[in-house]
1. Contact list please: Cβ distance under 7 Å, first residue in segment 21-32 and within 11 Å of Arg103 (Cα to Cα) and of a type in the set (Asp, Glu), second residue open to solvent by less than 70 Å² (accessible area, probe 1.4 Å) and modelled with pLDDT under 95, pairs at least six apart or on different chains.
2. With (1) under 18 Å from Asp108 (Cβ atoms); (2) surrounded by 18 or more Cβ atoms within 10 Å (Cβ to Cβ) as the list, and His79 as the residue in question, which single condition is left unmet?
3. Could you please tell me which pairs satisfy a Cβ distance under 8 Å, a separation of 6+ or placement on different chains, a first residue in segment 98-111 that is in contact (Cβ under 8 Å) with a residue 24 or more places away in the chain, and a second residue that is among the charged types (D, E, K, R) and not in a helix (DSSP H, G or I)?
4. How many of the residues making up segment 103-115 are closer than 15 Å to Asp21 by Cβ and at pLDDT below 90?
Amino acid sequence: MTGSDPDPDPDASSDADAESDRDDLDRLVTTLHDRLAATATRPVREDASRWLGEAEAVAGDLAVGPLPDDEVVRTRLGHVEHLLSNVDGTEDEAADEHVASARAALADALAMLGDGDGGSDGDRAG
């Protein structure tokens with residue numbers, strides 16, 4: 001076999017790519033949850049604490065076990081995005097850094113998932 005021979009199983013590389021993408025998404029969801037969980041130990045404003053706690057719970061549901069299908073993940077991440085949109089600041093520098101890191105992981109995860117196939121984006125409207 002030479003280096004110019006075609007790949008004997010073209011589906012194998014696409015399966016590996018899909019698995020790698022899924023692993024990357026799983027890592028982003030875990031990072032999102034971990035950063036939100038880290039805010040729970042910080043002295044944040046009470047109103048921010050409620051939003052962050054709810055966002056952490058939703059992200060935590062995704063972070064345990066295998067990820068559900070992309071549409072479910074996209075919907076739940078959209079809910080986290082909505083919850084975090086209500087957090088303007090925490091009045092704690094370390095918590096604000098955790099929130100910024102969580103938002104970055106969230107944005108990356110949503111970008112990885114794309115817009116979906118024509119489903120409703122009502123959960124993310126606002």
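The values are calculated or read from the model by the stated rules, or taken from the named source; none is laboratory data. The model shown is predicted, which means the values in this text are computed figures rather than measured ones. Note that we place each Cβ from the backbone using ideal geometry, even for glycine, and neighbour counts take in every protein chain shown. What goes into the accessible areas is simple: the full protein's heavy atoms, side chains included, and nothing from ligands, DNA or RNA. Shrake-Rupley method; radii C 1.70, N 1.55, O 1.52, S 1.80 Å.
1. Going by the 7 Å Cβ cut-off, there are no qualifying pairs.
2. With (1) under 18 Å from Asp108 (Cβ atoms); (2) surrounded by 18 or more Cβ atoms within 10 Å (Cβ to Cβ) applied to His79, the lone miss is (2).
3. Final answer for the pair search is His98/Arg42.
4. Total satisfying the criteria: 1.
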